[in-house]
Structure formats: structure tokens, C-alpha cells
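In what follows, a structure is listed as C-alpha cells, so that the remarks can point back to it.
The values are calculated or read from the model by the stated rules, or taken from the named source; none is laboratory data. Values in this document were obtained by computation on a predicted structure and should not be read as measured data. Neighbour counts run over all protein chains shown; Cβ positions are idealised from the backbone, glycine included. Calculation scope for accessible area: heavy atoms of the full protein, side chains included, ligands and nucleic acids excluded. Shrake-Rupley method; radii C 1.70, N 1.55, O 1.52, S 1.80 Å.
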Amino acid sequence: MEKTTSHLLFPRPPNRGKLITILSIDGGGIRGIIPAVMLDFLESELQKLDGKEARLADYFDVISGTSTGGLITAMLTAPNEKNRPLYDAKDIVPFYLEHSPKIFHQPSGIFGSMGTLMKMLNGPKYDGKYLHKLVKGILGDTRLHQALTNVVIPTFDIKNLQPVLFSSYMVPNYKDVDALMSDICLGTSAAPTLLPAYYFENKDDKGNLREFNLIDGGVAANNPTLVALTEVAKQVVRENPNFFPIKPTDRERLLVISLGTGSDKLDRKYNAQIAAKWGIISWLFDNGSTPILDAYNQSKADMIDFHNTVAFEAYGSVDNYLSIKDNTLTGLATKADAATKKILENLVKIGKALLKKPVSRINFDTGIYQPIPNGGTNEEALIRFAKQLSDEKRRREQPEICRNE
């Protein structure tokens, strides 16, 4: 079997340590503020251990994100002129607070709401012009292969009706996916009903042109954790020399953090009796929500979390998997686009409160997230993971003789 090597000049590949480290960030529009709070805390803990220059891209072998999570992924991994991440984790929340109201401009008054409804019946709720200009301005000519660590961003091609994965690992063999990171982010963020589908073209190293007709990556994987794990497994199967030999199903040497953007499972106002009367309009639009898409995205995200929890526990390494999400959102905090100052600031508070909540895992039998007995808080778990990430980084930086002792 042909061996592959990483396209990255990555100084500390997994085969120099004991773990493969993965960070995953769900989609969810402005609710990306919630995982951004977690990332700020995690990076600050790493800086306490390793100095103020520590950045998340220095510690994770793979960072994967869908939709708004894809944008955060690019912000954390795209290089600046000094070949360091464009954004510190602490700058992501302010980014959302500043730009979200312009991306998702909110109409005022009853006539504004009626106009929005009429617009949604004939096209996307927002034209995406501000988002497109913003993302292209930030990411410029940066391409996928230039990311400071491996990146995995799912999208969905509406023309071919199939997922399209933009993975750093694919670049050496499939040059046509080495697209501009701005195009990738705009593709994975093109949420149906909210933002227009996104088209772009990209050439491979032989000049062959490939076209992409993309919509939100959440159609393929709103929780991209399993996608990232699959990409890692592929490297092991293909004997990538940057990876130590493990079984593709082995979880003992994986360290995974999966960050959700929240949901409102405890605040749903409709049920089977109500939904039984719905036609196509109600399934597509109910009080500012799109029930069919909400159900589709949330069920997939939960099934992925369910699979990961079972897999890690089955292999006796459940403590290597940390999933942080809040399923108790209520009211407008559940919306992906309700970008008012009050709601955005409330999402920051929700993120900070989530740090103080107990670590929870999905119950195998009921599907309900429950606190882990003696599991501590999410904040304490992130502190523990920061120590493991720091130890792994130091281990990889040691000379060969020291690592083998």
C-alpha cells in the first residue's frame, strides 16, 4: 500500500509522542460564541503552563469545524505574517460580538418581520454579502495546505448531492481540495434558508478545474468529531509515517475535545400532536425556526456523540473524550441568527456558566445527557486536558533518547 506523508512542515507529529490530539467544533451560527468561550479558557490554561505565546494550533494534530465551527477553525489555524495563528482564542468572542449583527442584520417592527418572512419564502433570509467580504478580507489568499495544523472542514455539494470534505490530509493526493480557506469557510457556512449556497472553482496542480456548489457542512456533519476521527484512522491505515501504528478502532491513544453550540431540548414548544398537523410550510418555518433542519442536525450531532462515548468507553479510555455542550438553551438563545446585542451578550454568559456546570455524558439507554458522578466541572476537565496537551507537546519536543526512556 502506498505510504503518504503530511504536506505540513509539522515539527512535532504524533509519532514523536503518545497521543493523537483532536479538537472538534460544531456548527450553530452565532451560538459559536459558546465554544469560543471554552476555547478562550483552554488556551489561557495552556498559556499558564507554557507561556503567553502558546496557541491552540500548537497542541492539536487536527482541528475540525462545521459551519460557524469551520470559521473558528480557520481563525485558529490560518497563519499571519509571522506564521502564527491569525486569531488568539480570546479574540473570537469579540469577533462575534462585533460582526454578527452585520452578518445577520435584524429587522425592526412588525413590518420588518413580515418582510423577512416573505423574503424567506422566495430566497435566503440574508444575502451574505457582509459575511463574504469579511471572510475574504480576513483569510485573503491563504489556502488549506497553509494551515498551521491539520484542518478538517465538512461541506455538502448540492449539485452532486454528496458531502465534500476539505481535509489537509487529502491535499498531497487531491490538489483540487487545496482551496482558499475563505471559499471553504463560506461553503461550510451557507446554511439553507439563512444564507445563499456558495459556488467557487479550484484548479489542481495540472490545471484541471473542479467546481464546488456548496451548502452548510451541517448537512453532512454538524458535529464533525467523527469526521476528524475518520481522517486520523485513514492515516494509520495508509501507514502515514507521521503516525504511530494503532488499530483504527483504538481510542486509548486519542485525546478528543468536542465542543457544541447548544440546543433547546428542554424548551421545545411543539410535539407530535402539533407536528401531525404540519404541512411543508410549517416543517420549514415555525416561529423563526426550521424544525426539519433542526431535527436533522441535532439528531446527527447526538448520534455522533453517542457513538464516540460508547467507543471510548468500550476501549476503557472514556476519560480521553470530553464533550461539552448545553442542551438547556431557551428562547432566542437557541437561534443561529438572532444577533441582537442582548442575545449575543447572553450567549457569552451562557458559555461562562457552562464552564461551571458538571461534565455530562449521554446515557446509552435514554439518550439524555447526565452529569458524571464525581466528574467535576467542565472548567476542571479543560484544566486537566490542558495539562495532558502540554505534557504531550513537551514529550514530542524531547530528543529521541529521552522520549524512549
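Quick one: which of K136/K206; K325/K357; K159/K277 span more than 20 angstrom between C-alpha atoms? Beyond 20 Å between Cα atoms: K136/K206; K159/K277. Kirkwood's formula applied to the C-alpha pairs of region 155-260 gives a hydrodynamic radius of 15.2 angstrom. Secondary structure note: in the chain, about 55% of the DSSP beta bridges are antiparallel.
Of the solvent-accessible surface of the chain, computed with a 1.4 Å probe and all protein chains present, 55% belongs to carbon and sulfur.
Ligands, DNA and RNA are left out, and with a 1.4 angstrom probe the accessible area of region 254-371 is 51 Å² per residue.
Looking at region 82-224, the accessible area is 47 square angstrom per residue; that uses a 1.4 Å probe and ignores ligands, DNA and RNA.
The string of couplings for region 197-211 from the Karplus curve (6.51, -1.76, 1.60, θ = phi - 60°) is 4, 10, 10, 7, 10, 8, 9, 8, 5, 9, x, 6, 9, 10, 9 Hz, one whole number per residue in order, with x for Gly and Pro. In the chain, the longest principal axis of the Cα atoms and the axis of helix 109-122 are about 70 degrees apart. Counting heavy atoms of the protein chains alone, L180 has an accessible area of about 40 Å² for a 1.4 Å probe. Here the Karplus curve 6.51 cos²θ - 1.76 cosθ + 1.60, taken at θ = phi - 60°, turns the phi angles of region 181-189 into couplings of 5, 5, 5, 4, 5, 5, x, 5, 9 Hz, with x standing for Gly and Pro. Structural descriptor for region 135-243: relative contact order 27 percent, calculated from alpha carbon pairs under 8 angstrom and at least 6 residues apart. Annotation for T340 and I372: the two label points, set 7 Å from Cα along the Cα-Cβ direction, are 3.8 nm apart. Taking a straight Cα-Cα cut-off under 18 Å and skipping sequence neighbours fewer than 8 places away in the same chain, the lysines within cross-link reach of K133 are K102, K125. Averaging 1/r across all pairs of distinct Cα atoms in the chain and inverting the result yields a Kirkwood radius of 21.7 Å. Once backbone amide H atoms are built at 1.01 Å from N, R361 has Q370, I372 as its partners under 5 Å, excluding neighbours fewer than 5 places away on the same chain.
FRET efficiency for the pair K277 and N208, taken as 1/(1 + (r/R0)^6) with r the Cβ-Cβ distance and R0 = 45 Å, rounds to 0.30. Relative contact order for the chain: 24 percent, from Cα pairs under 8 Å spaced at least 6 residues apart, divided by residue count. Which trypsin sites (Lys or Arg not before Pro) from region 316-372 combine a DSSP loop assignment with at most 14 other Cβ atoms within 10 Å? Listed in order of number, the matching sites amount to none.
Comparing Cα centroids, region 148-172 and region 70-100 end up 20 angstrom apart.
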